[in-house]
Amino acid sequence: MKSRLTLTLAVVGAVALASAAASARAASEVVFYACLSHGGAVTKVTTTGPPACSSSQTNIFWNQVSGPDGPTGATGATGPDGATGPTGPSGPTGPAGDPGSIQGPVGPGGFQGSTGAAGPQGDTGSTGATGVTGVTGPTGPSLAGPTGDQGPQGPTGPTGVTGPTGVTGPSDATGPDGNTGNTGASGATGAKGPTGVTGPAQPAQLTVSNGGTLNNGASVADSQSCGAGELLIGGGVLASSDDDISVPVITESRSNGNTWQARIVNAGPTGDVSYTVYALCSAQPS
């Protein structure tokens, strides 16, 4: 910017100086003519007369006087930088002028153009076609084994233990024989002796039961317990059907503490099975 301003001032000063001295020019002086663009470029320099400048250019001229060198003037203060003016449009390139005897000043360098805006982002490519689905493999063979044979019916549980026989009470005491009386009048009958003591009672035995009905293919675990103050001394389970198709199977029948527990299965294709679980209980001896 400073170079362009200096050149413009120099050319304007030359024009003013040339205008002021136009009437005093000697016949031996050389006058230069040229075209000045708004950007400060000097073109079409000639000494034969004003050239044809475009409408955006200005005709200028200056003369060359070879006088003695004057004293060097004091250096002026540096002026402030002027504001950057807008860049003018570039004029058309004129024809090359005749080479003059004086080398013109070197024009200022052109301004670097601003970086162009980034181009728009390209469109996203289309999605590729979906691959072909693979062929479904054949179904594997069914490997289920045959149904096993029905198991045999379990054995009948053992017979419960018979309770102990009660103690036999003592026989009544026989009174003493009376004295043999004299033959004659019968003697008086002796008094009856007291009744003997009754023996202890035998512990009572009680059988309780619990049961139900099973549909075909069903199974159940059931149990029967003795009550408080009673002792389990045996037990069992009874399973039956009203036809020849239902198949009752007893898979468990045993004691567990003071309880008799059992498991029954109706293995027949149709029909119902009835069952009863028994517990043989006895009063605990005192």
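What follows is calculated from the coordinates using simple rules that are stated; it is not laboratory data. The structure presented is a predicted model; accordingly, all values stated were derived computationally and were not measured. A quick note on method: Cβ atoms are made from the backbone with ideal geometry, for glycine too, and the neighbour counts reach across all protein chains shown.
If the chain between Glu29 and Asp244 were fully stretched, how many nm would it gain, using 0.36 nm times the residue separation less the Cα-Cα distance?
That pair, Glu29 and Asp244, stretches by 62.1 nm at full extension.
How do 252-258, 90-96 rank on mean C-beta neighbours within 10 Å, highest first?
Per-residue mean Cβ counts within 10 Å order the peptides as 252-258, 90-96.
Between Ala129 and Ala191, what length comes free when the chain is fully extended (0.36 nm per residue of separation minus the Cα-Cα distance, one decimal in nm)?
Extra length available between Ala129 and Ala191 comes to 9.4 nm.
For a quick protection proxy, order the peptides 230-241, 213-224 by their average other-Cβ count within 10 Å, most packed first.
Numbers: 230-241: 19.5, 213-224: 15.0.
Most protected by this proxy first, the peptides run 230-241, 213-224.
If packing is taken as the average number of other Cβ atoms within 10 Å across a peptide's residues, how do 50-56, 121-127 rank, most packed first?
The most tightly packed comes first, giving 50-56, 121-127.
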